[in-house]
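I have placed the structure first, in the form of structure tokens, so that the comments after it can refer back to it.
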Amino acid sequence: MALEANYLRVRLQQPGPAGERQLLCTRRARLAYGGQQVMVGDWVGLDGCDWGDGRAAVASLEPRCSQLQRPALANVDQVLVVVALAQPSLDEELLSRFLLSAETTGVEVVPVLSKADLITTAEASSWLQRLKCWGYDALCISREQPETLSLVRQRLAGGVAVLCGPSGVGKSSLLNALVPHLDLPTAAVSGKLQRGRHTTRHVELHDLPGGGLLADSPGFNRPELPLDQQQLPLLFPEIRRQLEEGARCRFRDCRHLQEPGCGLDHSWERYGTYRSLMEQSN
Ligand SMILES: Nc1nc2c(ncn2[C@@H]2O[C@H](COP(=O)(O)OP(=O)(O)OP(=O)(O)O)[C@@H](O)[C@H]2O)c(=O)[nH]1
Ligand SMILES: [Mg+2]
Ligand SMILES: [Zn+2]
């Protein structure tokens, strides 16, 4: 669940003899000799359980189904890309950049548009519609509208998810609203740059009442994108969808730019973004 100084806080798959849910664990030396670094989100095997003290040792590490670098988190099922609809106002170039960066994880990406209370319902639906065309089933949320939070709960039930996005968009506020008694620090968006203050610093998984685990992450303002011509097309759901539906190009290494016999439709909103990223890449 979390790394705390020299300890790992491990949640038990089944509660202990006195109903214990978590143990504070050290690492067995052989883990380190095997070159294995335990990450938050890892499934681990324990030994030496001392129920009286609530202590144990991590003795083994299960293979991962996914691994994120930033934040460092294993076995994530969904990356929630949170951007604010207002304060700071939604910049589509930045949203796209966060989505593409999240897509590099290979994990399902869910855009979450926050602070919906600050704009009209019509504006919010038009954003949802637009994201639908990009290939995303996005969520609109607001702390002031509890029904929007239940949609998030439903979407997260069961899996492991992480909140990513710029600073000040309300990631920690969302987690506080979803988890009873949680009181993560949040900070007002300040100054004329309309940026948050990077309030969140460490990675930790939180149990959601409806099932599932959710981690917060510190916001950052502009993720770097991989400029790899092989990988870039697959970061766009618009392209993936066409290929899944059977679109074929004459050349196997078609970059979907000006090649003869390109079988993709190029008339989608973010095609210009795609083209300029491909042109900058190698
Ligand atoms: N109007 C409105 N404001 C919100 C909402 N959610 C959060 N805020 C405000 O947005 C500001 C930033 O919230 P945080 O939760 O600290 O943002 P964060 O994304 O965790 O920021 P970092 O930790 O810096 O990455 C705070 O002033 C919150 O009160 C919302 O639904 N509506
Ligand atoms: Mg935060
Ligand atoms: Zn093509």
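Observations on the structure shown:
- Only listed residue being modelled with pLDDT of 95 or more and in contact with a helix residue (DSSP H, G or I) (Cβ under 6 Å, 6 or more places away or on another chain), chosen from Pro237, Pro233: Pro233
- Of the residues making up region 261-278, those that are among the small types (Gly, Ala, Ser) and either in contact (Cβ under 8 Å) with a residue 40 or more places away in the chain or assigned to a loop (DSSP other than H, G, I, E, B) (or both) number 3.
- Subset of region 209-260 that is open to solvent by 20 Å² or more (accessible area, probe 1.4 Å) and not in a loop (DSSP other than H, G, I, E, B) - its residue that is nearest to ligand 1 (Cβ to nearest atom): Leu213
- For region 34-43, the criterion of a residue being open to solvent by 60 Å² or more (accessible area, probe 1.4 Å), assigned to a strand (DSSP E or B), within 22 Å of Gln14 (Cα to Cα) and outside the structural domain of Ser101 (by TED's automatic domain parsing) is satisfied by no position.
- Condition check for Lys132: outside the structural domain of Asp42 (by TED's automatic domain parsing) and surrounded by 17 or more Cβ atoms within 10 Å (Cβ to Cβ): no
- Just one residue in the set Asp47, Asp42 is of a type in the set (Asp, Glu), closer than 22 Å to Glu204 by Cβ and at pLDDT 90 or above; that residue is Asp42.
- Flag for Pro185 being open to solvent by 70 Å² or more (accessible area, probe 1.4 Å), within 13 Å of ligand 1 (Cβ to nearest atom) and in the same structural domain as Ser96 (by TED's automatic domain parsing): yes
- Residue match in region 92-101 (condition: part of a helix (DSSP H, G or I), aromatic (Phe, Trp, Tyr), in contact with a Cys (Cβ under 9 Å, 6 or more places away or on another chain) and open to solvent by less than 20 Å² (accessible area, probe 1.4 Å)): yes
- Residue within region 127-140 that is away from ligand 1 (no atom under 14 Å from the Cβ) and at pLDDT below 95 present: no
- For region 65-89, a residue qualifies if it is at pLDDT 95 or above and open to solvent by 60 Å² or more (accessible area, probe 1.4 Å), and exactly one does: Asp77.
- Inter-residue pairs, beta-carbon under 8 Å, first outside the structural domain of Glu20 (by TED's automatic domain parsing) and in contact (Cβ under 8 Å) with a residue 24 or more places away in the chain and in region 44-55, second open to solvent by 70 Å² or more (accessible area, probe 1.4 Å) and part of a strand (DSSP E or B), 6+ apart: none
- Listed by first and then second residue, the pairs linking a residue in region 247-259 that is of a type in the set (D, E, K, R) to a residue that is crowded, with 16+ Cβ neighbours inside 10 Å, with Cβ atoms under 8 Å apart and 6 or more places separating them unless they lie on different chains, are Arg250/Cys262; Arg255/Pro233; Arg255/Met278; Glu259/Cys249.
- Flag for Lys171 being in contact with a Cys (Cβ under 9 Å, 6 or more places away or on another chain), more than 30 Å from Leu243 (Cα to Cα), near ligand 1 (Cβ under 9 Å from one of its atoms) and not small (Gly, Ala, Ser): yes
- Qualifying positions in region 125-171 - part of a helix (DSSP H, G or I), within 14 Å of the chain's Cα centre (by Cα) and closer than 14 Å to Leu85 by Cα: Lys171
- Counting residues in region 103-110 that are touching a residue at least 24 places away in the same chain (Cβ under 8 Å) and farther than 20 Å from Leu213 by Cβ gives one or more.
The values are calculated or read from the model by the stated rules, or taken from the named source; none is laboratory data. Model, not experiment: these values are computed from the prediction. Don't worry about glycine lacking a Cβ; one is built from the backbone with ideal geometry, like all the others, and counts go over all protein chains shown. The accessibility values were calculated without ligands, DNA or RNA, using every heavy atom of the protein model including side chains. Shrake-Rupley method; radii C 1.70, N 1.55, O 1.52, S 1.80 Å.
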